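Before any comments, here is the structure.
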Amino acid sequence: RLLELDLRAALQRAEFEVYYQPIRDVAKDVVVAFEALARWNHSLRGMISPANFIPLAEETGLIVPIGEWVLRQACIDAAQWPRDVGVAVNLSPVQFKNPNLVQTVKQALKASGLPAHRLELEITESVLLQNSEATLSVLHELRAFGVRISLDDFGTGYSSLSYLRSFPFDKIKIDRSFVTELATREDSMAIVRAVTGLGKSLGIVTTAEGVETDAQFDLLRREGCTQAQGYLFSPPRPAAEVESMLSSARAQV
Ligand code: G
Ligand code: G
Ligand code: MN
Ligand code: NA
């Protein structure tokens, strides 16, 4: 069992790492950004997935320093990438309870020299469920500074559509669960078609997550989905492999 003490020690020992997964522009068929995904390189257990430590980090509040470290590292890494390649960083709802969030983001940009427009922050609708006045003002402040805001895991929550009215999101990320069944279930196809259509009429970029097959990718292209991300192109990989991910069209598994 993972313990709070392990997580604290991991921060002190710098055992976290950021992996990157490419996000491709569907029409241009080029990588336009990478999603930063935290990994814990545990001295005894090896690589631990965020699914296994983010919940504990959120319960203990350690997600605040861990999230800040991921954000800073992602900005430093992205500042080395070719112009116009963006980086997307996930923010936990708990990080929005920290009054210094806006300052933290501004400092990470300043310290790295990364222009604000190359940073995307991914939030889930659970962020908007809590203390939404304060949260919305933080989001507006970040967006005014030039940072882009994405709505992650779209379609899996309770009232996704109302959130699109509460904040002018730059991007909708269509949850993997819809993409997985795209070629095999007509209802999933209909939902993806509706969301890409919604994105087009609202002027919001749509990104399909979890694209694993050419059949899925072809359907997404036909529907005019803006961007695609998934194992078809590449799993998340260490920062040192960004260069090769930028030049390859498909995953080398
Ligand atoms: O990379 P992987 O599929 O194992 O990630 C599992 C989950 O952990 C995803 O839902 C992802 O959004 C989340 N996650 C990964 N990195 C971070 C991070 O730095 N901060 C937060 N809050 N969540 C993350
Ligand atoms: O919740 P979020 O979208 O931030 O999480 C992204 C997670 O999805 C990452 O942990 C990543 O490892 C995982 N992932 C990325 N691409 C694929 C894919 O094509 N298939 C599956 N099954 N998982 C994926
Ligand atoms: Mn995400
Ligand atoms: Na997601």
Evaluation of LEU2 against (1) surrounded by 15 or more Cβ atoms within 10 Å (Cβ to Cβ); (2) in a loop (DSSP other than H, G, I, E, B); (3) at pLDDT 95 or above (one fails), failing number: (3)
Selection from the range 213-231 of residues that are away from ligand 3 (no atom under 16 Å from the Cβ), surrounded by fewer than 17 Cβ atoms within 10 Å (Cβ to Cβ) and either under 20 Å from GLY86 (Cβ atoms) or of a type outside the set (A, V, I, L, M) (or both): THR213, ASP214, ASP218, ARG221, ARG222, GLY224
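From TYR163, TYR158, TYR231, grab the single residue that is in a loop (DSSP other than H, G, I, E, B), at pLDDT below 95 and either within 12 Å of ligand 2 (Cβ to nearest atom) or out of contact with any His (no Cβ under 9 Å at 6 or more places or on another chain) (or both).
Details: TYR163 fails: in a loop (DSSP other than H, G, I, E, B); TYR231 fails: at pLDDT below 95.
Residue meeting the stated conditions: TYR158.
Among the candidates THR196, THR180, single out the residue that is under 20 Å from GLU120 (Cβ atoms) and either surrounded by 18 or more Cβ atoms within 10 Å (Cβ to Cβ) or within 16 Å of ligand 1 (Cβ to nearest atom) (or both).
Values: THR180 fails: under 20 Å from GLU120 (Cβ atoms).
From the options THR196, THR180, the qualifying one is THR196.
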Search result, residues across the range 54-69 that are among the hydrophobic types (A, V, I, L, M, F, W, C), modelled with pLDDT of 95 or more, more than 16 Å from ligand 3 (Cβ to nearest atom) and over 17 Å from the mean Cα position of the chain (by Cα): LEU62
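Would you call GLN73 of a type outside the set (A, V, I, L, M), out of contact with any Gly (no Cβ under 8 Å at 6 or more places or on another chain), at pLDDT 95 or above and part of a helix (DSSP H, G or I)? Don't jump to the end; show me each part of the working.
Values: of a type outside the set (A, V, I, L, M): yes; out of contact with any Gly (no Cβ under 8 Å at 6 or more places or on another chain): yes; at pLDDT 95 or above: yes; part of a helix (DSSP H, G or I): yes.
Considered against the rule, which asks whether it is of a type outside the set (A, V, I, L, M), out of contact with any Gly (no Cβ under 8 Å at 6 or more places or on another chain), at pLDDT 95 or above and part of a helix (DSSP H, G or I), GLN73 comes out as yes.
Restricting attention to the range 137-155, which residues are outside any helix (DSSP H, G or I), away from ligand 4 (no atom under 16 Å from the Cβ) and surrounded by 15 or more Cβ atoms within 10 Å (Cβ to Cβ)? Spell out the reasoning first.
So the first thing to find is which residues in the range 137-155 are outside any helix (DSSP H, G or I), and the list is 145-155.
Next cut, away from ligand 4 (no atom under 16 Å from the Cβ) only: 145-147.
The answer is VAL147, and nothing else.
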All positions within the range 107-136 that are within 25 Å of THR207 (Cβ to Cβ), more than 16 Å from ligand 3 (Cβ to nearest atom) and in a helix (DSSP H, G or I): ALA108, LEU109, SER112, ALA116, HIS117, ARG118, LEU129, SER132, THR135, LEU136
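Are any of the residues in the range 135-152 within 14 Å of ligand 1 (Cβ to nearest atom), under 22 Å from GLY224 (Cβ atoms) and not hydrophobic (A, V, I, L, M, F, W, C)? Before you say what the answer is, go through the steps one by one.
Applying the first criterion (within 14 Å of ligand 1 (Cβ to nearest atom)) to the range 135-152 yields 150-152.
Of the ones still in play, those that are also under 22 Å from GLY224 (Cβ atoms) are 150-152.
Subset that is not hydrophobic (A, V, I, L, M, F, W, C): 150, 152.
Yes, the range 135-152 contains a residue that is within 14 Å of ligand 1 (Cβ to nearest atom), under 22 Å from GLY224 (Cβ atoms) and not hydrophobic (A, V, I, L, M, F, W, C).
The values are calculated or read from the model by the stated rules, or taken from the named source; none is laboratory data. As the structure is a prediction and not an experimental result, all values here were calculated from the model. Positions of Cβ are backbone-derived with ideal geometry, glycine not excepted, and every protein chain shown enters the neighbour counts.
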